[in-house]
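Below is one structure; the comments refer to it alone.
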Amino acid sequence: MACRCNEVGKCDQDIRYLERDLAQELNTAQRNSSLGTAMMPALRGDLANAAFVTNMLRIETRLAALKKNQDNYANNCLSKRSGELTRIRSRRNNYEYEDRRYHEMMEQRAKR
């Protein structure tokens with residue numbers, strides 16, 4: 001058993017980062033993905049009007065695969081973020097409990 005004040009503070013910083021900064025970055029990535037998806041019909045139209053596009057189906061299949069990969073990546077990042085938040089909160093609770101017990105024990109020793 002030891003003082004865990006520093007570890008509790010570090011966990012708090014990590015939690016704030018994951019809740020605020022990383023969440024903003026992931027939201028931006030999802031917005032960009034949505035914008036890209038919204039632009040696909042226009043892109044398909046432009047490609048269809050292009051002079052030398054010979055295999056439109058292949059291009060559309062590749063665009064759909066890129067969109068799916070982008071969505072999977074964003075979902076995977078969100079899932080990892082959620083798991084990491086849960087893990088850090090649990091670790092923080094354990095540190096806080098150990099820290100409280102340690103300081104209570106030290107206080108009792110000081111009273112003797």
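The values are calculated or read from the model by the stated rules, or taken from the named source; none is laboratory data. Fair warning: this is a prediction, and the values are worked out from it, not measured in the lab. Cβ sites come from the backbone with ideal geometry, for glycine too, and all protein chains shown count toward neighbours.
Which of the residues belonging to region 57-95 are of a type in the set (D, E, K, R) and under 27 Å from Gln24 (Cβ atoms)?
Narrowing region 57-95 to residues of a type in the set (D, E, K, R): 58, 60, 62, 67-68, 71, 80-81, 84, 87, 89, 91-92.
Listed by number, the residues that qualify are Lys67, Lys68, Asp71, Lys80, Arg81, Glu84, Arg87, Arg89, Arg91, Arg92.
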(message) Name the single residue that is modelled with the highest pLDDT among those in region 14-45 being basic (Lys, Arg) and surrounded by fewer than 13 Cβ atoms within 10 Å (Cβ to Cβ).
(response) Arg16
(message) What are the pairs with Cβ atoms under 9 angstrom where one residue, in region 89-112, is more than 24 Å from Tyr17 (Cβ to Cβ) and the other, located anywhere, is aliphatic (A, V, I, L, M)? Sequence gap at least six, or different chains.
(response) Arg101/Met1; Tyr102/Met1; Tyr102/Ala2; Met105/Met1
(request) Enumerate the pairs (first residue in region 8-31 and closer than 22 Å to Arg100 by Cα; second residue anywhere and modelled with pLDDT of 85 or more and of a type in the set (Val, Ile, Thr)) with beta-carbon separation below 7 Å, excluding pairs fewer than 6 apart on the same chain, so at least 6 apart or on different chains. (result) Cys11/Ile88; Asp14/Ile88; Ile15/Ile88
(message) Can you find, within region 83-112, the residue that is farthest from the chain's Cα centre (by Cα) among those that are part of a helix (DSSP H, G or I), charged (D, E, K, R) and surrounded by fewer than 11 Cβ atoms within 10 Å (Cβ to Cβ)?
(response) Lys111
(message) Just the residues that are of a type in the set (D, E, K, R) and either closer than 21 Å to Lys10 by Cβ or touching a strand residue (DSSP E or B) at 6+ places or on another chain (Cβ under 8 Å) (or both), please, taken from region 77-112.
(response) Lys80, Arg81, Glu84, Arg87, Arg89, Arg91, Arg92, Glu96, Glu98, Asp99, Arg100, Arg101
